[in-house]
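Asks: Just dropping this structure here.
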Amino acid sequence: MKKTTLLLALLMVTFSCKNEKKAEEKVDQPEAPKEKQYELVKKFDARDMLIWTKTRIGCEQTTEVQFSELPYKLSRETQTESSFQSTNLIPVTYANNYKVSVIAKKGSSSFFGLRISGAYPDRVDAVFDLEKGEVKGVKKGQDFENEDASIEALGDGWYKCSVSANVSADNIRILFGPTAAEKEILGWEGKVEQESSVYFIPSSLTFEKEVN
């Protein structure tokens, strides 16, 4: 009888210790970070490109349908000056978080620059490697904060490229275009001494605002 009682006592102590250990493990586990939520501010399409600013850059429609539409090829028209495509001004709420995304694929260049620009030098820039599927770098200028960038593989060499920041501006523009590996992140649109082109999907260009 004594042996049975002792055995039961040992089992109860062991079971209690295991429960305490499990409880400790649950307490020690950090909470997973909450995924940011965004609401759509602006979605673009090919018609918008008619009024966009093209600074020494060519924009030509291709013939093979991708993502239910025809992609466009962006090609630098100079090797001695800056080159990029820019949207018109977009009104924003000062000191809020915004994100811009676009689907792109390498052309003669594997590098793609994307910018949210306020009044110079306020901006956030990201450069993406469309060969390796990596973010080469992301940096902010002046008063923009919380800069971030991501890239998502979509298959067949296409990638969704995104950059976000807390913008110190009342109006912004979105700039994008091909660049080169040697360019600084904040100066990706500067001169590139070789032919440079990338492909992009016009309707994939979206501008979003973070919501709490």
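Please treat every number below as a calculation from the coordinates, not as lab data. It should be emphasised that the depicted structure is a prediction, and the values quoted were computed from it without experimental measurement. In this analysis, Cβ positions are derived from the backbone assuming ideal geometry, glycine residues included, and neighbour counts consider all displayed protein chains.
Asks: Kindly put Lys42, Lys105, Lys34 in sequence by how many other C-beta atoms sit within 10 Å of each C-beta, fewest to most. Can you show the working numbers first?
Replies: Details: Lys42 15, Lys105 19, Lys34 7.
Fewest to most other Cβ atoms nearby, the residues stand as Lys34, Lys42, Lys105.
Asks: Show me 124-132, 146-154, 81-89 ranked by packing, highest mean number of other Cβ atoms within 10 Å first. Please list the in-between numbers first.
Replies: On the way: 124-132: 23.0, 146-154: 15.9, 81-89: 17.8.
In descending order of packing, they fall as 124-132, 81-89, 146-154.
Asks: Still on this structure, I have one more. Compute the distance from the alpha-carbon center of segment 127-178 to that of segment 33-78, in whole Å.
Replies: 14
Asks: Spelling out what I want: for every residue of segment 162-174, take phi, set θ = phi - 60°, compute 6.51 cos²θ - 1.76 cosθ + 1.60 (Karplus), and round to whole Hz; glycine and proline get x.
Replies: Coupling constants for segment 162-174: 9, 9, 9, 5, 7, 9, 9, 6, 9, 9, 9, 10, 10 Hz.
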